[in-house]
Amino acid sequence: MNKKALITGITGQDGSYLAEFLLDNGYDVVGMLRRSSTVNFERIAHIQDRLTLVAGDLLDEASMIGILREHKPEELYNLAAQSFVQTSWSQPVLTGETTALGVTRVLDAIRMTDPSIRFYQASSSEMFGKVQEVPQVESTPFYPRSPYGVAKVYGHWITVNYRESYNLHASSGILFNHESPRRGLEFVTRKISYGVARIKHDLAKSLKLGNLDAKRDWGYAADYVRAMWLMINQDSPGDYVVATGETHSVREVCEIAFDHAGLNMDEHIEVDEKFFRPAEVDLLVGDPSLAEAKLGWKREVDFETLIRMMVSADIDLVASELKK
């Protein structure tokens, strides 16, 4: 019998890479989708016929209970959320309902249906926000600087609470920024790689960005989903920082991206203050020592390789769009 895993947020970047990884490791994979007129299957189109897709919503606990009773997964990866920091400022209540209270609904469904289900919660480096120490480790105090970060702190602590109160195998991955060619266009790395590709193909002249000096710890999403699986398959649950231990600025992303396309970034970048955050986070850089020591996890793709990979993929994507 194959192991069975349920992934919420399966159509997202992480969900698609995790689904691929689990399928390659012999799992049966069930993916939960919100009912929507605009569901985008693009990221999972190449594996869709190997997945079982079901309708459910983090706002509706009854739907979660129904899915668990029908499909009986042994592992549940909660990747669904309102996951864009900028949107959380304009939709703070929705962000709280999905990204915070949604975690409670999933955990409660597990508690009532089958407490043996192993649970993974997608926590975030945005929980550290106004950082209290550099680099950040599992014990670093949280100081979120956006409604998204606040909601993620709730989701993290409710996972700890259910783990300790109901003896659930519930783990949280405090993942720092992780990117890929499948990243949404609203995220800055993908905005840059896609924007560079459009400039390369003479479809645009400039790229408008916010704070070029903002720094993040950026890794490759396919590396990070391996850490999720390693956590959920430990004898004991726990919380782990997953990061590269390096920090790079938005300006560095631009330098590599434009260089890869053979372009001069100074001729195309425009700084627009409307893209600045109301409250910027400070120096986010994670220390993955615990994950490396206990999980045996290590990243395989470095920062420059990642950015060049994304630009190449978007140059090909824009070329294919032009042929349509």
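Conditions tested, residue by residue: (1) surrounded by fewer than 20 Cβ atoms within 10 Å (Cβ to Cβ); (2) acidic (Asp, Glu); (3) touching a His at 6+ places or on another chain (Cβ under 6 Å); (4) in a strand (DSSP E or B).
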| position | (1), (2), (3), (4) |
| --- | --- |
| GLY184 | yes, no, no, no |
| GLY195 | no, no, no, no |
| ARG198 | yes, no, no, no |
| ASP213 | yes, yes, no, no |
| TYR224 | no, no, yes, no |
| MET228 | no, no, no, no |
| GLN234 | yes, no, no, no |
| ARG251 | yes, no, no, no |
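Residues of region 14-53 being assigned to a loop (DSSP other than H, G, I, E, B) and at pLDDT 95 or above, which ones?
ASN25, GLY26, TYR27, listed by residue number.
Please name all residue pairs, on different chains or six or more residues apart, with Cβ atoms under 8 Å, provided the first residue is in region 293-306 and is farther than 20 Å from ILE232 by Cα and the second residue is aliphatic (A, V, I, L, M) and open to solvent by 90 Å² or more (accessible area, probe 1.4 Å).
Cβ pairs passing all conditions: none.
Which of the residues that make up region 55-81 are assigned to a strand (DSSP E or B) and farther than 16 Å from GLY12 by Cβ?
ALA55, GLU75
Do we find a residue being modelled with pLDDT of 95 or more, touching a strand residue (DSSP E or B) at 6+ places or on another chain (Cβ under 9 Å) and hydroxyl-bearing (Ser, Thr, Tyr) anywhere in region 103-123?
The answer is yes, given that some residue of region 103-123 is modelled with pLDDT of 95 or more, touching a strand residue (DSSP E or B) at 6+ places or on another chain (Cβ under 9 Å) and hydroxyl-bearing (Ser, Thr, Tyr).
Looking at (1) part of a loop (DSSP other than H, G, I, E, B); (2) open to solvent by 40 Å² or more (accessible area, probe 1.4 Å); (3) at pLDDT 95 or above, which one does PRO278 not meet, given that it meets all the others?
(3)
In region 1-13, what residues are charged (D, E, K, R) and either buried (at least 23 other Cβ atoms within 10 Å of the Cβ) or in a loop (DSSP other than H, G, I, E, B) (or both)?
Passing the criteria: only LYS3.
Could you grab me the full set of residues in region 283-324 that are open to solvent by 40 Å² or more (accessible area, probe 1.4 Å), under 22 Å from SER193 (Cβ atoms) and touching a Phe, Trp or Tyr at 6+ places or on another chain (Cβ under 9 Å)?
Within region 283-324, ARG299, GLU300, ASP302, THR305, MET309, LEU317 meet the criteria.
Can you pull out every residue in region 126-155 that is open to solvent by 60 Å² or more (accessible area, probe 1.4 Å) and touching a helix residue (DSSP H, G or I) at 6+ places or on another chain (Cβ under 6 Å)?
TYR154
From the set of residues in region 253-275 that are open to solvent by less than 50 Å² (accessible area, probe 1.4 Å) and free of Cβ contacts under 8 Å to residues at least 60 places away in the same chain, which is nearest to ARG198 (Cα to Cα)?
MET265
Is at least one residue of region 156-174 open to solvent by less than 40 Å² (accessible area, probe 1.4 Å), touching a strand residue (DSSP E or B) at 6+ places or on another chain (Cβ under 8 Å), part of a helix (DSSP H, G or I) and of a type in the set (Phe, Trp, Tyr)?
Looking for residues that are open to solvent by less than 40 Å² (accessible area, probe 1.4 Å), touching a strand residue (DSSP E or B) at 6+ places or on another chain (Cβ under 8 Å), part of a helix (DSSP H, G or I) and of a type in the set (Phe, Trp, Tyr), one finds at least one in region 156-174, hence yes.
The values are calculated or read from the model by the stated rules, or taken from the named source; none is laboratory data. As the structure is a prediction and not an experimental result, all values here were calculated from the model. When we count neighbours, we look across all protein chains shown, and the Cβ atoms used for this are built from the backbone with ideal geometry, even at glycine. Surface accessibility is based on the protein's heavy atoms, side chains included, excluding ligands, DNA and RNA. Shrake-Rupley method; radii C 1.70, N 1.55, O 1.52, S 1.80 Å.
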